[in-house]
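Trainee: Got a structure here, written out as structure tokens. Questions coming.
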């Protein structure tokens, strides 16, 4: 394996969310995809990705890092957590999520974005 340099300013794929409420920028590597999601204020998984995914809740596991903004994640069993700038996020499948506040939430994710927002 050799070194790799890629930049989110030139993603290999861009997946828009429903209602123009953000997008996923995707970079692919030998060891797996890395995604940067921009969730606009008012974004909610069940409103803006569920129609694309076709599942009752988000079935993607996530290992991510919050760069800016705030995201509330609620598991199907009711467990909930808020994530903000500097937070590492580990979330198993079976959840909904939404932006808290008036600032876009920008997340990096090393697991879970390979098929995220992909019909």
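Read-outs: derived from the displayed coordinates by stated rules, not from any lab. Predicted model, so just to flag it, every value in this text is computed and none were measured. Every residue, glycine among them, receives a Cβ derived from its backbone with ideal geometry; neighbour counts consider all protein chains shown.
Trainee: State, to one decimal in nm², a quarter of the convex hull surface area for the C-alpha atoms of the range 13-111, i.e. the direction-averaged projected area.
Mentor: For the range 13-111, averaging the hull's shadow over all directions gives 5.9 nm².
Trainee: Roughly how many Å is it from the Cα centre of the range 43-88 to that of the range 5-25, as a whole number?
Mentor: So the separation of the two Cα centres works out to 17 Å.
Trainee: With an 8 Å Cα cut-off and a minimum separation of 6 or more residues, compute the relative contact order for the chain in percent.
Mentor: Once normalised by length, the contact order is 30 percent.
Trainee: Could I ask something else about it? What ranking do 74-85, 101-112, 1-12, 38-49 get when scored by the average of other Cβ atoms within 10 Å per residue, highest first?
Mentor: Result, highest mean Cβ count within 10 Å first: 38-49, 101-112, 74-85, 1-12.
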